[in-house]
Amino acid sequence: MLRGRLGLETARIPHADRHGLLWLSRGALTVRDGTLRFERHASPDADSSMDAGEYGIPFQSLSMILLGPGSTVSHDALRLMARHGTGLVAVGEDGVRCYTAPPLMPDTSDIARRQMRAWVDAQGSRITIARKMYALRLGEVLPHTDITVLRGIEGARMKRTYQNLSRQYGITWRRRRYDRTNPTAADIPNQAINHASVAVTAAAVIAVTSLGAIPQLGFIHEHSGEAFALDIADLFRDTVLLPAAFQAAAEVEKNPRLDVERHTRRTTGDMLRKERVIPKMIDRIRTLFQDVTPLDAGPAVDATLMDGWPDEDAPDQDSLEEEVQ
């Protein structure tokens with residue numbers, strides 16, 4: 001009855017007020033009676049504790065849905081989620097691959113134009129933004145202006161962070177290992193880091209795309225198609241990603257009946273909500289570019305120029321066909 005009334009169809013809850021991510025797998029994501037529904041076909045397994053059945057999804061209170069293997073999504077579901085700004089990411093088995101992240105289409109290009117201006121200035125603003133990121137992570141402004149040196153300093157700090165967290169949570173830490181072709185071959189702490197990384201990176205994708213920033217233009221990461229999202233995720237590596245991973249790993253080692261992926265997802269998800277990570281990511285992106293002047297968007301197009309299109313002087317279709325012949 002209220003369809004089209006009061007702006008309800010297009011109203012969007014800001015991502016700062018939403019509750020993060022929801023994992024779904026082995027089922028169908030559809031719309032019924034205007035409500036997003038997930039019909040799970042499988043019994044509880046290593047990927048999900050959900051029983052087979054149909055569930056209503058409170059999509060307007062979610063920032064993004066992570067859709068796992070064995071799942072389908074309908075056109076109506078995509079349309080409804082796009083209208084309300086809820087993202088959808090297809091993730092692979094074991095939660096270590098991210099296949100797609102549809103844009104959330106913000107209302108302004110301001111952040112993207114600021115990011116572009118900073119990124120193209122390789123010897124100036126680009127390294128300044130990278131130094132800001134390292135300052136946010138390390139708690140000090142490093143004097144170095146060589147990105148290779150900055151990465152080296154950060155790498156040395158990370159080794160100490162791994163060691164400190166392993167002592168704090170009482171688990172054995174050898175070294176960081178990640179084989180993309182065989183992720184389950186790693187030990188429990190490394191597997192937990194992989195799964196926590198997926199969740200935090202997905203949160204960063206939400207923050208980046210909701211502001212209209214350009215995921216490909218990173219300032220520390222360079223070659224990935226989501227380089228800037230990885231930059232933002234790394235801002236929370238020491239405070240969210242690794243603590244969640246080590247906490248989950250310690251609990252799994254104490255109770256081997258726990259599934260490392262599912263338990264890490266829940267632990268990380270709880271921390272993302274409690275720490276309000278997505279709103280913080282959004283604020284930090286804005287802070288990074290607040291001193292950067294946006295690129296000139298160029299002169300506005302006068303809409304009246306399009307009146308009467310096609311132009312009366314333009315050849316009609318019959319004339320075009322005759323010329324082709």
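The values are calculated or read from the model by the stated rules, or taken from the named source; none is laboratory data. The model shown is predicted, which means the values in this text are computed figures rather than measured ones. Methodologically, a virtual Cβ is constructed for each residue, glycine included, from the backbone with ideal geometry; neighbour enumeration extends over all protein chains shown.
Among the residues of the range 222-237, those that are closer than 14 Å to residue 198 by Cα, among the acidic types (Asp, Glu) and surrounded by fewer than 24 Cβ atoms within 10 Å (Cβ to Cβ) comprise 226, 234.
Residue by residue, here is whether (1) surrounded by fewer than 16 Cβ atoms within 10 Å (Cβ to Cβ); (2) closer than 14 Å to residue 234 by Cβ; (3) polar (S, T, N, Q) holds:
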site	(1), (2), (3)
129	no, yes, no
146	yes, no, no
157	yes, yes, no
160	yes, no, no
192	no, no, no
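Cβ-Cβ distances below 7 Å connect the following pairs, each with a first residue in the range 258-283 that is touching a residue at least 24 places away in the same chain (Cβ under 8 Å) and in the same structural domain as residue 248 (by TED's automatic domain parsing), a second residue that is in a helix (DSSP H, G or I) and of a type in the set (S, T, N, Q), and a separation of six or more residues or different chains: 260/191; 267/247; 282/210.
Of the numbered criteria (1) crowded, with 19+ Cβ neighbours inside 10 Å; (2) farther than 25 Å from residue 203 by Cβ, the one residue 28 fails is (1). Here residue 196 passes the criteria (1) surrounded by fewer than 12 Cβ atoms within 10 Å (Cβ to Cβ); (2) modelled with pLDDT of 90 or more except the one numbered (1).
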